[in-house]
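First comes the structure, then the notes that go with it.
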């Protein structure tokens, strides 16, 4: 199993007559892309904006962040179930636009949409502020119900990302990275002495717009399952999630799952990466039990000796995280949990909603309650009023001087529980 | 030169051993015992101008009187800083060191410092309020701890930025702060797992907190005559959100009138919770706050009556400490209004 990422480092995005990629600059024809997106009859109008690193720009409300990718060769096409059909992906060559992302905005879908600042203190809380961003502002038709609105914006984002990367078709990127692994039985023979590590990717599926899709299928109700890490790089898992922006796993996080990347890069060197298990995060106790028991049984079946478990969201999903931890540790499988915490603005509260004594190795990606005052920006893309109602904001979030005061839970991906960012919480 | 006042017990103050533990507070000029050693390390940076000595038993048995005298002595000396100990694992002495430092900090607003063994009751009681340098269990560690203390005295006197406990040697104050890291969270996780699998030492980034487990209250014996209240963390509030309850990490709860209302409707009530899909709660707020069901039970006589107000907040990325505070206030309000039982709904 082998996938090559053919990476193009995007230096700028500009609007142009014809969509094309030339010398690091991505030109987008608004008209052409709008026509493509307006094929969805639930969209009444769409406009586009561009945000660049260092600009005095604030984007809000943001539903999803997606990295543009398009398959040059291999089976299937990117974002199977949406852009591609449901054929298997994760092989051949995939073109990737680095330092570049699609950020979906427009009329707010729910309370859980986020903020990105392209400069200033807010820019220190995620990687997106260092990317060239194309922002489709999607206005739904009147009276569109919330769930159709969510699906409409979700799919429009994926289509935009594929459209952008398609401009590089048949071109050679700035760099290539090839990921490769054997079947589980083969790697067992090939690396008999390396520790067998499995990654449990807990995927949010509480329903009510807290959903994750695999090959277009909502994971709600699935039994825990095995997926090839390379499929994930081709957008097999995408976000339909409106959880708190600071710790939702956006589509770009799935495409670049940093735990998978690190494990694949170390595979065959100091560890044997034996697979990725999807364990769903439902709101119901019985389903939490089913998922964690089933996952821990699959881990044993694979022969895992150690595992990393990542969470999405917080509060209720902490129970899924702790159950997965406990059941795996009881089987003698060493676990590390990857999470974030909410320990109050002053940092003195307990930060998790559920705990277990077996959770003795935990990575935290920050306290989402940290309070920040974001300075006025010259330009707002979207609607600044949304800052008053999104998670992390409040009725007084917008100052008369144009500052925005929020908890960092409002900033997209600030405390990403896949460990995508470079932040942690320390005790003082 | 900056002035320091040093607090010691009878033993380190060179009055005598346990038989002198009843010593009332006295003030002597200049540094004594460990103070003399600290002065040597401080050099010209600051001067220990006076030492207050008090017997451990006197302090423990007559804390109020002892503190009145000690605080007056400090006030008269008008120092730039007060230090105490090191008290190692001596319980009475440790409590005295912590009490004196904490009171001085609160009353005079000047920097204070003591040094104790982590399990000293004085450390447990005061480490969240004042800086306490970590010491070994007994005075054999004196030589090790005094340089750490001296360095920290300099930092506090000069108003320098204080680093993390492991760098500076103080006991953690229980405040979790965000810091940027070189490795991303995923790389830290894989590294931690490799160490854990090999049996090598590693440090978890989030030690598990100990949760309060609240045993359920005994069942209500006479439901037919009980007043029942509704409480929700699902964010159901009157339309317009009069108290501006936040959609996440709510800073307050609201109390709202429901007299004469049989059924919550979307024209009068709404949800402000930012953590779930509001569609169904907006259609019918009873789905989160089941007023309609309670009214029916009231009519059927299954319960005495529904309390004429309900309590609401938002449980979304809300810190446990705040949630506990609201719960205590809500419970108190219920007791005052004769509520016997409550139904708590989330979302």
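By the count of neighbouring beta-carbon atoms within 10 Å, fewest first, A:384, A:238 end up ordered A:384, A:238. Max-minus-min Cα coordinates of chain B on each principal axis give 79, 53, 38 Å, with the largest extent listed first. On C-alpha positions alone, give me the angle between the axis of helix B:63-77 and the longest principal axis of chain B, in degrees, nearest 10. That works out to roughly 60 degrees. Counting every pair of alpha carbons in the stretch B:2-168, the share spaced more than 19 Å apart comes to 49 percent. Our summary of shape: the Cα atoms of the stretch B:254-327 have principal axis extents of 39, 28, 18 Å, ordered from largest down, in whole angstrom. Sorted ascending by nearby beta carbons within 10 Å, beginning with the fewest, B:264, B:156 become B:156, B:264.
Please compute the modelled spin-label separation between residue B:305 and residue A:345, points set 7 Å along Cα→Cβ, answer in nm with one decimal. With each label point 7 Å from Cα toward Cβ, the separation is 3.9 nm. Each DSSP beta bridge with both residues in the stretch B:2-168 is either parallel or antiparallel, and the antiparallel ones are about 15%. Using R₀ = 60 Å, calculate the FRET efficiency as 1/(1 + (r/R₀)^6) where r is the Cβ-Cβ separation of residue A:56 and residue B:138; round to 0.05. Working from the Cβ atoms, E equals 0.50. Three semi-axes describe the equivalent ellipsoid of the stretch B:93-234; taken as square roots of 5 times the Cα gyration tensor eigenvalues and ordered largest first, they are 38, 28, 17 Å.
Seen from all directions on average, the stretch A:8-94 presents a Cα convex hull projection of 7.5 nm². Here, P(r) means the percent of Cα pairs in each 5 Å bin from 0 to the largest distance; for the stretch B:192-347 it is 2, 8, 16, 18, 16, 13, 9, 5, 4, 3, 3, 2, 1, 0. DSSP beta bridges fully contained in the stretch B:223-345 are about 45 percent antiparallel. Orientation-averaged projection of chain A equals 20.1 nm² [convex hull of Cα atoms, one quarter of hull surface area]. For the stretch A:84-123, the Cα-based Rg and Dmax, in that order, read 16.2, 43 Å.
What shape does the stretch A:255-316 take by its C-alpha gyration tensor, where a ≥ b ≥ c are the square roots of the eigenvalues and a/c under 1.5 counts as rounded, a/b above b/c as prolate, and the rest as oblate? Display every interim value, and only then the final one.
Numbers: a/c = 3.30, a/b = 1.57, b/c = 2.10.
Note, shape of the stretch A:255-316 comes out oblate.
Once the C-beta distance of residue B:175 and residue A:176 is scaled by a Förster radius of 30 Å, the resulting FRET efficiency is 0.05 to the nearest 0.05. Legend: mean number of C-beta atoms from other chains within 10 angstrom of residue C-beta atoms, peptide A:356-364, equals 6.
Legend: mean number of C-beta atoms from other chains within 10 angstrom of residue C-beta atoms, peptide B:165-173, equals 2. In this simple spin-label approximation, residue B:1 and residue B:160 carry label points 7 Å from Cα along the Cα→Cβ vector, and these lie 1.9 nm apart.
Counting other C-beta atoms within 10 Å, which of A:23, A:30 has the fewest, and how do the rest follow?
Numbers: A:23 6, A:30 15.
In order of increasing Cβ crowding within 10 Å: A:23, A:30.
Spatially, the stretch A:145-205 and the stretch B:73-104 are offset by 60 Å when compared through their Cα centroids.
In the protein assembly as shown, what percentage of the DSSP-assigned beta bridges are antiparallel, given to the nearest 5?
Of those bridges, close to 45 percent are antiparallel.
With a/c under 1.5 counting as rounded, go ahead and sort the stretch A:166-324 into rounded, prolate or oblate using the C-alpha gyration tensor (a ≥ b ≥ c being the square roots of the eigenvalues; past the cut-off, prolate if a/b is larger than b/c, else oblate). Taking the square roots of the gyration eigenvalues as a ≥ b ≥ c, the stretch A:166-324 is oblate. What the Cβ-Cβ distance of residue B:293 and residue A:371 gives, at R0 = 30 Å and to the nearest 0.05, is a FRET efficiency of 0.20.
Prolate is the label for the protein assembly as shown, because the ratio a/c of its alpha-carbon gyration tensor axes (a ≥ b ≥ c) is 1.5 or higher and a/b is greater than b/c. Can you compute the label reach from residue B:214? Point 7 Å from Cα along the Cβ direction, backbone N cut-off under 14 Å, restricted to the stretch B:233-270. From the stretch B:233-270, the list is B:233. Counting only other chain Cβ atoms within 10 Å of each residue's Cβ, the peptide A:365-375 averages 4.
No lab work stands behind these numbers, since they all come straight from the coordinates. Computed from a prediction, not measured in an experiment: that's the story for all the values here. Quick reminder, even Gly has a Cβ in these numbers, built from the backbone with ideal geometry, and neighbours come from all protein chains shown.
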